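Colleague: Sending over a structure as structure tokens; questions will come in a sec.
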Amino acid sequence: MNILFIEDDMIETMKLQRTISKLKLKHKITEAKNGEEALDILKPENTLPDIILLDLNMPRMSGIEFLRILKEDAKLKYIPTVILTTSENRVDLLECYKIGIAGYVIKPLKYEDYEVKLHRVLSYWEINELVKG
């Protein structure tokens, strides 16, 4: 799968890379540090990702702002977007589902728990039928 990972925290990015490597997954990860950078990556001439893993708390453009822009675009709105965040704020959770996310995953503190959760998320999307543009 082609995965767009939108995350401003280098430690979180390293955790994702470590997990993908440790689990010997062959997914292609494209990284963006914020929503603006992610929108540039999603320009029409580029290959679209199969799924997006999105953090909510980012500088310049929050995850929710990015999500609103994404879901208003006729072509991009079909990309499954999974929130991967530390936010347990119920208002954020409800707003994200209202806008149209595919899942909301709380990042655990322990790396081992993170690895298990991420593996489950990616395993599900590997077998799920995705909309191809």
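A short reminder: the numbers here are calculations on the coordinates, not readings from a lab. If you're wondering where the values come from, they're calculated on a predicted model, not measured in any experiment. Neighbour counts run over all protein chains shown; Cβ positions are idealised from the backbone, glycine included.
Colleague: What helices does the chain hold that run 15 Å or longer along their axis, going by alpha-carbon atoms, with a Kyte-Doolittle average of -0.5 or more, using DSSP H for the helix calls?
Modeller: 10-22
Colleague: 7 Å from Cα along Cα→Cβ at both K24 and L109: what's the point-to-point distance in nm?
Modeller: 3.3 nm
Colleague: Normalised radius of gyration for the chain, please: alpha carbon Rg relative to 2.2 N^0.38 Å, two decimal places.
Modeller: 0.97
Colleague: Work through the residues other than I51 whose Cβ is under 12 Å from its Cβ and net out their charges, Lys, Arg +1 and Asp, Glu -1.
Modeller: -1
Colleague: For L94 and N46, calculate 0.36 nm times their separation in residues minus their Cα-Cα distance, and state this gained length in nm to one decimal.
Modeller: Working it through step by step, the gained length comes to 14.2 nm.
Colleague: What does the highest-first list of 49-58, 95-104 look like by mean Cβ count within 10 Å?
Modeller: So the peptides 49-58, 95-104, ranked by packing, come out 49-58, 95-104.
Colleague: How much length is gained if the chain between K71 and K117 is pulled fully straight, taking 0.36 nm per residue apart and subtracting their Cα-Cα distance, in nm to one decimal?
Modeller: This chain segment gains 14.1 nm when fully extended.
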